[in-house]
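Scroll down for the structure; my scribbles are underneath it.
Every read-out reported here was derived from the displayed coordinates using simple, explicitly stated rules and does not represent laboratory data. What you see is a predicted model; the values in this text were computed from it and never measured. We place every Cβ from the backbone using ideal geometry, glycine too, and count neighbours over all the protein chains shown.
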Amino acid sequence: MNITEKHLMDAFAGESQANRKYLAFAAQAEKEGLKQVAKLFRAAADAETVHALSHFSAAGKVKTTRENLEAAIAGETYEFEEMYPPMIKDADQEGNKRGRRSLDYANQVEMVHAALYRKALDSLGKNEAVDYYVCQVCGHTVENEPPDKCPVCQAIKKAFKKID
């Protein structure tokens, strides 16, 4: 990787984190009744997404859909096999229950994502219509119909958001 590609990927990471951070700030501003500030945070978050996508594309990271699915499978697999397990262990050792729960939820859901990507790869080109629902508590992702209770965090059915 040359220096410009490294810079683009560092910038992609920073812009991606800024997007998520600003969306979290917007949600807090909404809770506090500060709608105009929330709107500003959402606008900045959207701009950060524009930057992130531009950097990622300029770094040559967007390939064919087949290659993108393969990369997604590899990334999700890395997360649940290598990244999250030691993080969960550290949270346990520190007695950080909230942090452990957050890490554990993500770890469980990454396995699901890898399986969904694998299924999409295996059926690539068939264009089968599938609806996806995401639990807004833990991120668990399901096809076609949300369950009555989330198998990861036990949230009720209405916690699932349909993705269009």
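Points worth noting:
- For the stretch 43-107, with +1 on Lys and Arg beta carbons and -1 on Asp and Glu, the positive-most of MET87, THR65, THR49 along the dipole: THR49
- Charge dipole of the chain about the Cα centre (unit charges at C-beta), most positive-ward option of VAL142, ALA24, VAL130: ALA24
- Test item: Cα-centred dipole of the stretch 63-128, Lys/Arg +1 and Asp/Glu -1 on Cβ, debye: 220
- Sequence ranges 75-84, 2-11, 132-141, ranked by mean other-Cβ count within 10 angstrom, highest first: 132-141, 75-84, 2-11
- Rounded to the nearest 20 debye, the dipole size of the stretch 1-81 about its Cα centre is 340 debye, using +1 on the Cβ of Lys and Arg and -1 on the Cβ of Asp and Glu.
- Protection proxy ranking for 114-121, 92-99, using the average of other Cβ atoms within 10 Å per residue and placing the highest first: 114-121, 92-99.
- Within the chain: Cβ-based charge dipole about Cα centre, in debye rounded to nearest 20 (Lys, Arg +1; Asp, Glu -1): 580
- Gyration tensor (alpha-carbon) shape descriptor, the chain, a/c threshold 1.5: rounded
- Rounded to the nearest Hz, the phi-derived 3J(HN,Hα) couplings of the stretch 66-75 under the Karplus curve 6.51 cos²θ - 1.76 cosθ + 1.60 (θ = phi - 60°) are 4, 5, 5, 5, 4, 5, 5, 4, 4, x, where x marks glycine and proline.
- Exceeding the 27 Å Cα-Cα cut-off - candidates LYS21/LYS158; LYS21/LYS89; LYS21/LYS162; LYS6/LYS126; LYS119/LYS157; LYS35/LYS161: LYS6/LYS126
- Using a cutoff of 8 angstrom between alpha carbon atoms and counting only pairs six or more residues apart, the relative contact order for the chain works out to 16 percent.
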